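Okay, so here's the structure we're looking at.
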Amino acid sequence: TRSLLTRRDCIVVASVSCIYGIGSPETYGAMRVEIEPGATLSRDRLIEGLIAMQYQRNDVDFHRGTFRVRGDIVDVFPAYEAERAVRIEYFGDEVESIRRFEPETQRSVEQVTEIQILPRSEKLLLNDLAKTNSLSEITKYFPPESVVAVDEPLAVREEAASVLAQVTDSPFYLPWEE
């Protein structure tokens, strides 16, 4: 979902996962935090946003899906990043700088001109969306000019039927229209 929201050059390879509902692009996109140097965003407001997106504050054990706060510095280890975390430095309520860094060595890797932090887990957010019937198909994320190709459609249909027999009572299930 992250790549579909932030890139124009995506190839999606999905099998049966397409029968599960996900949040609409508008809902999911509204749940992100966008930050750039020079922006006015208080440290406390950033922390509130991270908590709302399911990130956990952990000043001791810094790992994916957590953040830590030390004075005017907020470190975020996005759940979707494997090796790099983000350091956001403040001067008052102004974002002074953003850098990617290696969590184990604390070594800065690159200056960043903007960053989008997306929710820690889609699954946790989907529970709320399912309760309000706000689910959407994955194809809603595709740009209008997208080309969709199905490899081995009969095999996909058979696998989907097998999964559907197991999940039709799931709140994440969206029926296919023939």
To the nearest 0.05, the calculated FRET efficiency linking residue 109 and residue 30 through their beta-carbon distance, R0 being 30 Å, is 0.55
Extension gain, residue 42 back to residue 7 (0.36 nm per residue minus Cα-Cα distance, nm): 9.8 nm
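FYI, it's all coordinate maths here, none of it is from the lab. Keep in mind that what you see is a predicted model, and the values were worked out from it rather than measured. As a convention, Cβ positions derive from the backbone with ideal geometry for all residues, glycine included, and neighbour counts pool all protein chains shown.
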